[in-house]
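Worksheet: one structure, shown below.
The values are calculated or read from the model by the stated rules, or taken from the named source; none is laboratory data. Owing to the predicted nature of the structure, the values given are computational and were not obtained by experimental measurement. Positions of Cβ are generated from backbone atoms using ideal geometry, with glycine treated the same way; all protein chains shown enter the neighbour counts. Ligands, DNA and RNA are excluded from the accessible area calculation, which covers all protein heavy atoms including side chains. Shrake-Rupley method; radii C 1.70, N 1.55, O 1.52, S 1.80 Å.
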Amino acid sequence: MQPMAKRKINQQQQRRIANKHAQLLDSEELSGLVIAHHGQSLEITDDAGNVIICKKRQNLGPIVPGDRVKWQLDSVSNTGVVTAIEPRTSLLSRPDARDNMHAVAANVDQIFIVIAPRPAPNQTTIDRYLLAADAQNVTPILVLNKEDLLPIDPKQTELLELIQVYAQIGISTIIVSAKKLLNLAQLHAHMAKKTNVFVGQSGVGKSSLIATFMPEANIKIGDLSLADTHGRHTTTTARLYHLAELDCNLIDSPGMREFPLWKLDPATLASGFIEFRPFLHDCKFRNCLHNNEPGCALLTAVEAGKISHTRLLSYQKILTEMKPTRNNKA
Ligand code: GDP
Ligand code: ZN
């Protein structure tokens with residue numbers, strides 16, 4: 001039997017909940033898709049494409065663009081109340097300065113990793129995005145933009161070789177030019193029917209590529225000046241755009257385009273390099289870090305040409321960068 005005090009609280013709580021429900025006169029549960037959040041309120045669309053501003057029920061945790069939710073209309077205030085979050089297929093997060101993770105976008109299907117001849121790509125940056133994508137079962141697609149700069153760039157063969165490394169491990173690669181409108185149909189076809197995000201170094205042409213399918217876009221090239229009601233810059237606030245022509249979604253915010261990778265333990269890091277996986281159990285030492293250990297199956301695979309040497313170097317570089325903070329809470 002429960003103590004008296006506890007039962008009383010429960011009854012009070014029940015009354016409160018009953019009152020709350022009575023306010024939901026139109027209490028039919030509806031489905032919604034989260035577009036953005038502004039402080040305490042959420043902007044969602046219903047199945048018919050209507051935009052509704054909602055509050056959310058307490059204890060639901062963070063809700064981000066791309067989340068599918070259940071909501072009800074509160075006819076007293078004529079606003080919506082989000083009551084539940086549907087299970088997510090993926091959740092992209094970014095760490096803050098103190099390494100606390102913040103959810104940014106949910107149910108993303110594909111990450112377009114954009115690189116360009118200028119600014120020149122850093123392979124570990126590409127590999128960090130690949131690790132993040134793999135960790136969330138999001139499909140990565142590598143996009144080389146500014147094709148128009150290739151013929152005059154002495155690094156062109158190097159770049160094409162780099163693209164080849166990723167094509168060989170089964171990643172879709174597309175070569176485009178936002179400026180010359182080259183191969184954009186191919187890019188757009190890849191986006192169709194999916195929820196997409198564009199990431200990559202500043203200056204590679206993400207905004208320019210986004211402008212090719214959202215000419216009327218609120219996304220302005222280089223515009224980071226949106227400020228919230230407190231005058232703070234809202235550069236990390238993500239927003240979902242539905243693109244009717246491509247029947248797809250784009251989740252974007254200037255802040256999420258360059259999300260850094262969180263800390264990984266060495267084993268998770270190595271297995272995030274997908275072409276390493278078949279070799280990882282054949283190393284002589286079970287805790288092999290694949291640096292220069294004797295009997296390392298990965299080093300043998302590189303020597304035999306089965307794994308790209310640059311990918312091994314990239315793995316080793318990321319491993320070194322993660323080492324000092326390995327014991328931190330992830
Ligand atoms: P973001 O920082 O990745 O969003 O890059 P932006 O879209 O702002 O583009 C950075 C610069 O690259 C701008 O000056 C663009 O005009 C330029 N740019 C974008 N796409 C291309 C391209 O295909 N070819 C060339 N030559 N320049 C481009
Ligand atoms: Zn090894």
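Expressed as a whole percent, the accessible area of the range 30-187 that falls on carbon and sulfur atoms is 51 (1.4 Å probe).
Placing R0 at 56 angstrom, the Cβ-Cβ distance between GLN12 and ALA135 gives a FRET efficiency of 0.80 after rounding to 0.05.
Once R0 is set to 56 Å, what does the formula 1/(1 + (r/R0)^6) return for the Cβ-Cβ distance between GLN168 and SER77, expressed as a FRET efficiency to the nearest 0.05?
Here the calculated transfer efficiency is 0.50.
Placing a pseudo-label 7 Å from each Cα along the Cα-to-Cβ vector at LYS193 and PHE285 gives an inter-label distance of 4.9 nm.
Using a cut-off of under 12 Å, list every residue of the range 79-107 whose amide N is near the label point 7 Å from the Cα of THR268 along the Cα-to-beta-carbon line. Label zone hits: 101. For the range 269-328, trypsin sites (Lys or Arg not before Pro) meeting the loop criterion (DSSP other than H, G, I, E, B) and having at most 11 other Cβ atoms within 10 Å: LYS284, ARG286.
Among the listed pairs LYS284/LYS306; LYS146/LYS206; LYS179/LYS317, those whose Cα-Cα separation exceeds 22 Å are LYS179/LYS317.
In straight-distance terms, cross-link reach from LYS193 covers every one of the aspartates and glutamates whose alpha-carbon lies under 20 Å from its own, apart from those fewer than eight places away in the same chain; here that gives ASP46, ASP47, ASP67, GLU86, ASP109, GLU245, ASP247, ASP252.
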